[in-house]
Structure formats: structure tokens, C-alpha cells
1. In the range 25-35, what count of residues is obtained for those that are under 8 Å from the mean Cα position of the chain (by Cα) and modelled with pLDDT under 95?
2. Return yes or no: is CYS56 exposed (fewer than 13 other Cβ atoms within 10 Å of the Cβ), at pLDDT 90 or above and either aromatic (Phe, Trp, Tyr) or out of contact with any Pro (no Cβ under 6 Å at 6 or more places or on another chain) (or both)?
3. Taking only the range 1-43 into account, find how many residues are in a helix (DSSP H, G or I), small (Gly, Ala, Ser) and free of Cβ contacts under 8 Å to residues at least 12 places away in the same chain.
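The values are calculated or read from the model by the stated rules, or taken from the named source; none is laboratory data. Here the structure is a predicted model, which is why all the values come from computation and not from measurement. Neighbour counts are summed over all protein chains in view; Cβ atoms, including those assigned to glycine, are modelled from backbone coordinates with ideal geometry.
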Amino acid sequence: MDDLIPRDAPFSLVCIHCDAGMEIGSYEEALAQSWTEVSYAPDLPMANFIGLCPACRQEEGP
């Protein structure tokens, strides 16, 4: 993860394309569940991190 992320930033995740991710509790858990492109996004209204969930990644194709 990025050194610019504040230590006290809670991990809350949302997918780039859908509302999935709020059940994920950590960066490590997101990676273990095959999320990609996870990055810190403090300006989002509903989460502090954004990424690509496995379902949306599969829909995008290779």
C-alpha cells in the first residue's frame, strides 16, 4: 500500500463499476478475494478505497 495513506484511515472499499466491497475489511482481504486496482481515494463519498471487484473484472474480459 501507499505510504501517503494516513495510518488512521479506515479501510472501506467500493468497486469502480458497482457497489460491491463494503463487506471487505482490509486491503489483504480484498487481495485474497481477487480484487485488483485497489487504491486510496479519500474524496469518495462512500468509501476510502476504490478497486475492481472480481465480478466486474470478469465482465471486462482479458
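1. Quick first cut of the range 25-35, residues under 8 Å from the mean Cα position of the chain (by Cα) only: 27, 30, 35.
Pick out the ones that are also modelled with pLDDT under 95 and you get 27.
So the count comes out to 1.
2. no
3. Just the residues of the range 1-43 that are in a helix (DSSP H, G or I), to begin with: 27-32.
Checking which are small (Gly, Ala, Ser) leaves us with 30, 32.
Those still in the list that are free of Cβ contacts under 8 Å to residues at least 12 places away in the same chain too: 32.
Within the range 1-43, residues that are in a helix (DSSP H, G or I), small (Gly, Ala, Ser) and free of Cβ contacts under 8 Å to residues at least 12 places away in the same chain number 1.
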